[in-house]
Structures are given as C-alpha cells and as structure tokens.
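The values are calculated or read from the model by the stated rules, or taken from the named source; none is laboratory data. The shown structure was predicted, so the numbers you read here are calculated from the model rather than taken from an experiment. Quick reminder, even Gly has a Cβ in these numbers, built from the backbone with ideal geometry, and neighbours come from all protein chains shown. These accessible areas exclude ligands, DNA and RNA; they are computed on the full protein's heavy atoms, side chains included. Shrake-Rupley method; radii C 1.70, N 1.55, O 1.52, S 1.80 Å.
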Amino acid sequence: MSPLNDTGAPLVIVGAGQAGAMAARALRELGHDGELILIGDEPHAPYERPPLSKAVLADEQIPDIGLLPEPFQAQSGVTLKPGRRVVRLDTARRELHLDDGTVQPYRACLLATGGDARILPALPPGTPGVHYLRTLDDAQGLRAALRTSGSMLVIGGGFLGLEIASTARALGLDVTVIELGPALLGRAMPPEVSRWLAARARAHGVRLHLDATLTNLAPVAGGIAATLANVGELRADLAVVAVGQVPSVALAREAGLLIDAGNGGIRVDAHCRTSAEGVYAAGDCASGLDADTGMHRRLESWQNANEQARIAAAAMLGRDVESSAPPWFWTDQFGCNIQMLGQGTPGLAYHLRGQLPQGSESGKALLFGIDGDRLVHAIAINAGGDLRAFRGVLGRPLACPPQALADPAIPAKQLARLALGPASA
C-alpha cells in the first residue's frame, strides 16, 4: 500500500534532530499541506548539534541554534510534540505508541532517531565529574562545569573529543586527551594529517596520550583519575567521555525492521525506505545504500542527515529526487577549519597542495587522495572555498596527472576544470 493512497492519517516523523527537522521542512517545501507531526524525546524544539562542542560551550550566552524558527512553525502548521518518546511501532496497523499512553496513527512514518553516546561502564552517566555530550542539556551541564574547573580529561581522540579539547583550552583549562588508538582520527585521516593534527593539538597546550592502555578509570575525591599503563595515574577536575555513538534503533528492531549486521543502522534503500512498507529512516540511525559501491554504510554527519532527510521526504510523497551528494564533513578545532569531501581508505596516495600550518600558525592546504586515476578523497585545511571547486571531480577519472593537483600556481577552479578535461570547458 503506497503512502499516497492510504487513509487520511498524518505523516509522522519520530526524532526531532537534524534529519527529522529537515525532513519536516522538505515535506512542506515539496508541497505537502496535510497534517505533519514531529515527535521528539527532548524538551527542546529542534536544534543544530555541531555548535554543542564549540559555540555553546564557549560563549557566555548560548547562541541561537534552532532548526525550525517560530515563524516557520507558525506558518507551516507542523505539530511539534517535544518531550515525548515513542515506545512501540506497529507497522501492521501503522500506529505509534507513545510514553504517555496515546496512540498516533500514521500514513507514512520517518524514523530519524539519531544515535546515543557510547557509554564507558566504568564511568556511567550521572557519575560525579563525568560528562557525555550528545544533547543541549548535556552541553549546558558541561558548559557550567568548564567555568568552575581548572583541568579536564578527554577520553577519546575523535572529532567530538578534539573539538571539546580545543574549546576547553581556549577557555584556559589544562587538557589531557587519552586516545586508545595509535593516531588521532586514524580511520578518517591519512597518517600525515593525523600526525599534523597531533602536533597542532600539542602546540595549543594539549597533552596527548596515544595508543593508551587504560587500566583504571574512576571518580576520586575532587575529580577523576585515569591510570595508564607505562604512564601512571592522571587526575583532573572533570572528564568528558567521547568514544563514539551507537545508532538508536531499539524502536526499529523491536518492530522487526531489518538492521544492518555490520554497522547497526536501520537498513534503507536508495529512497530511504526500510523493510516495512510506509516506514522510512534517515540520519545517524540509517544504513544507506551507496549507489557507487552497492554497499550499505552509516554516516554520522550533518550533511548526510540533511541529504537523507530530503530524499526520505520526497519518497514519502511518492516522488523521486536526485541522488545523494558525496559525503562531506567539517570540524573546527585548534584554530583550523578542516573539511573532508568523499571518504578515505587505507593505502590512498595523497598529494599536498600548499603547506600544512606549522605549530599554532595560520595557513591553508589541500590534500587529494587518489585511487588509480580517480579523486576519491579531498581534505581542506582552512581552504573550504577551494575544496568546493572539486565536488564535480570526485569519483571521476582525472584528465590530468594526479601530481598536477598539487600545483599552487593554478587557481582552484581552473585546476578543477583541468582535472575534468576539455568537456568541462
């Protein structure tokens, strides 16, 4: 049964984060004027998450990070149900059961439930001095703690951990980052960028412990203690645990939806359709189909949430949209804006355009990751404008030698045209 020929039940979005809010906007922009309900388990209206580790922690006043401004909500007629949790999804009856006992029928349902912070058993949420950062309430709690603390341990050297470390250093805290892997962002960056980033963090005063073996982690009087093999005990006023997230798929699993065995996300096709008719999924909780490789993957990014929201919204209305844009991700840390286009894999040959900024100095650079004769990954350090020129080049055979991409004398737009060949002229 198509969602278009079902009863007059509303379209319902479960999850009021980036994907959920953007899907609501897209549905209205695509002309859906019927009843539209957005259910979120937080008490807040939808908001942007990227600023939580940066501006929300750093600013004296919390910035405006709302995704659905009040004028839009008033004009669009989207019914927002904050502070409500869906406890059961009945795909046969097309019903959602909420924690307040109400039952919400749906014509089509989008699951945009996101992810949850991965928990360290030794430091569960609620432990004094321990913080996890996933929600606005988490950020407000950490923000207050940063202003009464002098030192901090960050467990995890991924994007989130490093952004928090950067913000805390700018606020004057003594910061130590503990990373169990041998390199910072080792799965996302080539070795040369990982080494550069480690040097950058140290130049900003961060103490790094890489390839660390934690033998003990526990609250102590006045703070948190971490014991590392071959290092000994480290103490700080507070600890932030940033060891990744897990997709929030309990609702989908209990409803019998297909869950990807490899990445744990809700399996969806190229139109964000799940294994249950009338049910869609988007964002961090979804395992999407990569049209180029035919493989499923789960991407945790602002851009992917927006793209899948757009695709899912169209599919809920029985429409097709253009295929998803290539993966793009950014982070701001230690005085640098770092952007990535595409996805890196081990063994790629990288060509450097410009120079990586040394120490804490400013500067910009581009790195191009080549697989055979194709550009598959590009990294920009303070060069986001130049990176945009290569969106059309990604994944296509290069019409120039890969080494030519490193030529700083050729403007980026001209270089991108050169890489595409005469047809781009």
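Data table
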{"quantity": "Extension gain, Glu254 back to Val103 (0.36 nm per residue minus Cα-Cα distance, nm)", "calculated": "52.7 nm"}
{"quantity": "Mean accessible surface per residue for the chain, computed with a 1.4 Å probe while every protein chain stays in place, in Å²", "calculated": "44 Å²"}
{"quantity": "Relative contact order (percent, whole number), region 72-156, Cα cutoff 8 Å, 6+ residue spacing", "calculated": "12 percent"}
{"quantity": "Selection of GluC sites (Glu not before Pro), region 40-95, meeting DSSP coil and at most 15 other Cβ within 10 Å", "calculated": "Glu60"}
{"quantity": "Förster radius 56 Å - calculated FRET efficiency between Arg85 and Glu361 (Cβ-Cβ, nearest 0.05)", "calculated": "0.70"}
{"quantity": "Radius 11 Å from Cβ of Thr167, net charge of other residues (Lys, Arg +1; Asp, Glu -1)", "calculated": "0"}
{"quantity": "Global form of region 266-323, assessed from the alpha-carbon gyration tensor, a/c cut-off 1.5", "calculated": "rounded"}
{"quantity": "Sparsely packed trypsin sites (Lys or Arg not before Pro) within region 311-380, loop by DSSP, other Cβ within 10 Å at most 16", "calculated": "Arg319"}
{"quantity": "Helix-only CD estimate at 222 nm, as mean residue ellipticity for the chain, using -39500 (n - 2.57) per DSSP H run (n ≥ 4)", "calculated": "-6500 deg cm²/dmol"}
{"quantity": "Spin-label pair Glu277/Arg374, simplified geometry with 7 Å Cα→Cβ offset, distance in nm", "calculated": "3.6 nm"}
{"quantity": "Under the Karplus curve 6.51 cos²θ - 1.76 cosθ + 1.60, θ = phi - 60°, whole-Hz ³J(HN,Hα) for region 102-118, x wherever Gly or Pro sits", "calculated": "7, 10, 10, x, 9, 8, 9, 10, 10, 8, 10, 7, x, x, 10, 4, 6"}
{"quantity": "Volume per residue that the Cα convex hull of the chain spans, once the total is divided by residue count, Å³", "calculated": "159 Å³"}
{"quantity": "Label-point separation in nm, Leu214 to Thr148, each point 7 Å along Cα→Cβ", "calculated": "2.4 nm"}
{"quantity": "Net charge, Asn306 excluded, C-beta distance under 14 Å - Lys, Arg +1, Asp, Glu -1", "calculated": "-3"}
{"quantity": "Spatially proximal lysines relative to Lys413 (Cα-Cα < 23 Å; intrachain offsets below 8 disregarded)", "calculated": "Lys364"}
{"quantity": "Region 119-151 residues near the modelled Thr227 label - backbone nitrogen below 15 Å, point 7 Å along Cα→Cβ", "calculated": "122"}
{"quantity": "Contour minus Cα-Cα distance for Gln75 and Arg187 (0.36 nm per residue)", "calculated": "35.9 nm"}
{"quantity": "Set of aspartates and glutamates with alpha-carbon distance to Lys54 below 12 Å, sequence-local pairs under 8 removed", "calculated": "Glu163, Asp332"}
{"quantity": "Length-normalised contact order for region 347-425 - Cα pairs under 8 Å, 6+ apart - percent", "calculated": "26 percent"}
